[in-house]
Ligand code: FRU
């Protein structure tokens, strides 16, 4: 077990031999990913500081380098020109100051005067383990050199709020900077606070954003806010919701509300219902960014807090999702894989056929692949797809025509984990037209009907589980299938 002392060790406290041994252990893991951002060692959690800056995509992530636990957090930095090849740039922010002595927590990035300003939460604890959060900034120049400011720009939560005060997401509008910050009111309800600033240094509280969810969980982590086509979208990760039928089944949730543009003078948001961003098992703390082409991209943590994962025994945990392009359509966000992922495609196979009962199309198999299944017509009562299958295991997507419900079933996917939260996730999707699936060594991301819903899950199958097959009950399905290996 990890003692507090071990969790709060710093990177420089580890010897070269210790790090080499850990890296070696990580390399023996059968579940290292092929096309996802993952930590070299230790634990990754939230994506931070997403930015398109100086001609490159920059992604930072919450990182505890020394093992697969939530310990002393750093911001690890990776960058890319194409969203698919990621170069490790080393830790950008380390816990070097008194005010961030217990972790450089989540935050965001914004370009100002040719530099990338990083705004993050300094997490400090005292002897009695009382937490003191503050909001801090650092600047990164074109060479990638990062300089932290010596004192926080927001020293602590305002009166009426607890020490759960973190994860600033900053943006600029009409010459002013705004930040949304996750918070907990003294009555133990979660919310988002809106701040404003002229220069990113002096911040003024505008208010507690008034939403139609005054009591919706005990803490809202990792808020994000953006506008598209005159609509406002507030993204957040509420903790403490109880499962309701197919909704809110994970330990914590991530979703959004869409409505009118945020009233930035009075901190008021008129909006529709909270909608989950992902219907799968492993998705949390997403962040969005606008890139050079004006695309809104979203990346999430493909993991959840407080859950042990099968990679822990190999000295590492978690990865980020593939980047998704998000668009507002009506009252919903539509999410699609960033088009750059098409560059990973190899060995194209196309099939057309009618499925009645269990059907295997011989050339279709794979462990790391993208597959698009178009359902041209469906008379069956139940249609299913099995992936990463062998004689013992399979990961299933099951569609029931009468309920119009799609289920991701990982009960026989491989090494089990988090089973106390169930092994199936379902969502009513309407008619099933298309499944677009991205499978990596230990994950599956399913984009349904052109991105109307997404199901994301870690799975830990045998390395030889490469069968793909289809099945129907009570009728048949006409399919067109496109499949590529990804590398
Ligand atoms: C969400 C979170 C954030 C916090 C960070 C610490 O997963 O708890 O609220 O800043 O992780 O690693």
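The table that follows gives values for the structure above.
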item: Selection within the stretch 216-240 - within 15 Å of the ligand (Cβ to nearest atom) and not in a strand (DSSP E or B); result: 217, 218, 240
item: Counted residues, the stretch 127-150 - those being under 18 Å from residue 201 (Cα atoms) and either within 14 Å of the ligand (Cβ to nearest atom) or surrounded by 14 or more Cβ atoms within 10 Å (Cβ to Cβ) (or both); result: 11
item: Yes/no for residue 366 being over 22 Å from the mean Cα position of the chain (by Cα), at positive phi and exposed (fewer than 15 other Cβ atoms within 10 Å of the Cβ); result: no
item: The stretch 241-269: number of residues that are touching a residue at least 12 places away in the same chain (Cβ under 8 Å) and over 30 Å from residue 307 (Cβ atoms); result: 10
item: Residues of the stretch 38-68 satisfying the condition of being within 16 Å of the ligand (Cβ to nearest atom), closer than 25 Å to residue 344 by Cα and in a loop (DSSP other than H, G, I, E, B); result: 39
item: Filter result for the condition that a residue is surrounded by fewer than 24 Cβ atoms within 10 Å (Cβ to Cβ) and over 20 Å from residue 146 (Cα atoms), over 90, 71; result: 71
item: Residue check for residue 201: assigned by TED's automatic domain parsing to the domain that holds residue 262, more than 16 Å from the ligand (Cβ to nearest atom) and either free of Cβ contacts under 8 Å to residues at least 40 places away in the same chain or surrounded by 17 or more Cβ atoms within 10 Å (Cβ to Cβ) (or both); result: no
item: Complete set of residues in the stretch 313-331 that are crowded, with 16+ Cβ neighbours inside 10 Å and in contact (Cβ under 8 Å) with a residue 60 or more places away in the chain; result: 314, 315, 316, 317, 318, 319, 320, 321, 322, 323, 324, 328
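The values are calculated or read from the model by the stated rules, or taken from the named source; none is laboratory data. All values derive from a computational prediction rather than experimental measurement. Note that each Cβ is placed from the backbone with ideal geometry, even for glycine, and that neighbours are counted across all protein chains shown.
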